[in-house]
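Below is one structure, written out as structure tokens; the observations come after it.
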Amino acid sequence: MIEAVDGLQDAAVAYGLIEAMGQDTVQQLMGAHFGAPACEVEHSDNSHVNWQAHDFGTPGSEVASAYELQAVYDAALRKRRKEYGAARSTVEAVMYELRTHGTEALKRKSCQRRLSELNDKQLADVIGRLMKLRSQYSAITDRLLTQLIRLSS
């Protein structure tokens, strides 16, 4: 379990969640989800004690649901991508899809997802690269370039 929590902490730092929410909030969320589970303990005298894991935050505070935590994570990831852009491999995958499949690629979920990960500069670079490659690939058409330019607006 330590490895799982360490991995989440590393991801929270890398994707800007710590910056967006603060370390204390992230720790509270992880503690609530990775804390000790509810259990029943049997003592040596055969008596039973029911024990429940509870929120270690301030009294009356609510623990974020998985949906809320995912929404915060997604927002932090979008902010990070806007600032730093998508991974180089994502840019190259978009380039491959667009130069090979043209406008048909824009209908595919994989291409739509990858395009959504690009920041403005990366999208402009992709359009510029496609313009230069236009004479080598028949799938790079005016229609494709026009649709990509609309995305960048």
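Bear in mind these aren't lab numbers, they're just calculated from the coordinates by the rules spelled out. Fair warning: this is a prediction, and the values are worked out from it, not measured in the lab. Counting neighbours? That spans all protein chains shown, and the Cβs are built from the backbone with ideal geometry, glycine included.
Would you mind getting me the FRET efficiency between K121 and K79? Use the beta-carbon distance for r and R0 = 22 Å, nearest 0.05. That gives a FRET efficiency of 0.90. I need the shape label for region 98-153. Rule: rounded when a/c is under 1.5, else prolate if a/b > b/c, else oblate, with a, b, c from the alpha carbon gyration tensor. Verdict is oblate for region 98-153. Across region 88-152, Cα pairs under 8 Å and at least six residues apart give a relative contact order of 40 percent. Here the 3J(HN,Hα) profile of region 102-111, calculated from phi with Karplus coefficients 6.51, -1.76 and 1.60 at θ = phi - 60°, is x, 5, 4, 4, 5, 7, 7, 4, 4, 6 Hz, Gly and Pro shown as x.
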